[in-house]
Amino acid sequence: MSVKFRLGAMMFLQYTIWGSWMPVLSAYLQNNLGFNGVQTSLIYSLLPLATIISPFVGGQFADRWFPTQKVIAILQLAGGILLIAMAGITTFTPMMWLMLLYALIYAPTLALTNSIAFINLRSSEKEFGAIRVWGTIGWIAAGLALAGWRALAKSPEGIALKGDTLILAGVFSLVMGVLSFGLPHTPPQKEGAKPWAFLEALKMFKDKSFAVFAVICFVVATELWFYYILTAPFLTSAAIGLSQRYVSAVMTIAQVAEIFVMAFLLSRALRKYGMRKTLTLGILAWPIRYIIFVIGAPAWLVIASLALHGFCYVFFFTAAYIYVDSIAPKDIRHSAQGLIAMIILGLGSFLGSLFCGWVQNLFTTTTANAAGEAVKMVNWRGTFLVPAGLTLICLIIFLVFIRDKMQAPADRTPA
């Protein structure tokens, strides 16, 4: 099988695993196991927390000691076993500890799958988008697979069986673990002068442009969680009036747009406009989307603006991974990907999830309805003004302080 086919299958499975549990696990924990909001948020915070720690470890193994494909395979096999074990857990404390252990195992693979693709493609600028798009397709496929399984089961609880979402993720993880042994052989870069690759990756902060770029990545990543957490309640609020029955289907507009931008526009934009202009367009899409949310009317425009997620995510975050690969020294590419993953998926996601909840509470008031019952009212305009303002500031800082051309990577023979 071709290298591109194997890398595409890798991305597909990597994100079917995540997409099997991430969107719906909270409902299972609260509706079926009786976990409260704090317990649920703690469990969800563990993967971002693990992403702060473990990518350096995974990058170290792949950069210095073991072939990357074997590191991915072993991690996914272990992760699959843990996910299936978690499906049988019904109490908070053991669920939390198993999820923490799983997060520490899964988090490194997010960076390693990117880096193994970059290393084995002749031109990541031209080819990575077409490979990474299979991850988004996998995320959608996981949701459809779970929905189909539950529909066939016809359970009054709305689930196929206890822990079905974790079982499905575990099966996908075991499949990926086995197939990862067949990924392109990517040996460690033993010629590296220094033994600790992650320490060398940290030295990239000495470059002022990279340091500023990393801060922008962090801030934008925090604002991503306003979309992930608050879009569904915003759309189903009185402000927009979308039925909760259709919200999950409507929100797939974002994933469809992401697929289109990833597959057809990213490589063209990088070739025609270059890395700096592509990233500029990516950052610009963020305040535009949130400003539309602030205006909040007409409803069709708010729903249509979900398509901007394709530009927000692909033209900024995916392009950011490509940029980091282009400037990282050859012998620390895995650890450099771990570093940017830690900033975006770790620190940014962990603090962003807490920050957006705090902002929403800040703009929430409690009033009494006609029956004297307490009703919470969210000022959505005030809530979304925060990410709109912060992402606009990021755009200005990017344009003022990062003035070099940020060259995209040149064609190269796979390592």
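Can you name the residue in region 373-393 that is under 24 Å from the mean Cα position of the chain (by Cα) and among the small types (Gly, Ala, Ser) and is also farthest from residue 313 (Cα to Cα) among such residues?
Checked region 373-393; the qualifying residue farthest from residue 313 (Cα to Cα) is 389.
State the number of residues belonging to region 341-382 that are crowded, with 16+ Cβ neighbours inside 10 Å and in a strand (DSSP E or B).
Number satisfying all stated conditions: 1.
I'd like the full set of residues that are aromatic (Phe, Trp, Tyr) and under 29 Å from residue 16 (Cα atoms), limited to region 255-292.
The answer is 260, 264, 286, 290.
Residue 238 versus (1) of a type outside the set (Ser, Thr, Tyr); (2) out of contact with any helix residue (DSSP H, G or I) (no Cβ under 8 Å at 6 or more places or on another chain); (3) in a helix (DSSP H, G or I): which is the lone unmet condition?
(3)
Taking region 146-170, which residues are part of a helix (DSSP H, G or I) and either of a type outside the set (A, V, I, L, M, F, W, C) or crowded, with 16+ Cβ neighbours inside 10 Å (or both)?
The initial filter retains those residues of region 146-170 that are part of a helix (DSSP H, G or I), namely 146-153, 164-170.
If the condition is that a residue be part of a helix (DSSP H, G or I) and either of a type outside the set (A, V, I, L, M, F, W, C) or crowded, with 16+ Cβ neighbours inside 10 Å (or both), then 146, 148, 149, 150, 164, 165, 166, 167, 168, 169, 170 are the ones that fit.
Need at least 1 residues that are modelled with pLDDT of 90 or more and of a type in the set (Phe, Trp, Tyr) per element, so show me which helices (runs of 4 or more DSSP H) inside region 1-111 make the cut, counting only ones lying wholly within it.
Numbers: elements: 3-21, 37-60, 68-86.
Helices (runs of 4 or more DSSP H) meeting the threshold: 3-21.
Which pairs turn up if I take residues in region 335-347 that are free of Cβ contacts under 8 Å to residues at least 40 places away in the same chain and look for partners that are surrounded by fewer than 24 Cβ atoms within 10 Å (Cβ to Cβ) and among the charged types (D, E, K, R) with beta carbon separation below 9 Å, at least 6 apart in sequence or on another chain?
Every condition considered, no pair remains.
The values are calculated or read from the model by the stated rules, or taken from the named source; none is laboratory data. Predicted model, so just to flag it, every value in this text is computed and none were measured. Please note: Cβ atoms are built from the backbone with ideal geometry, for glycine as well, and neighbour counts cover all protein chains shown.
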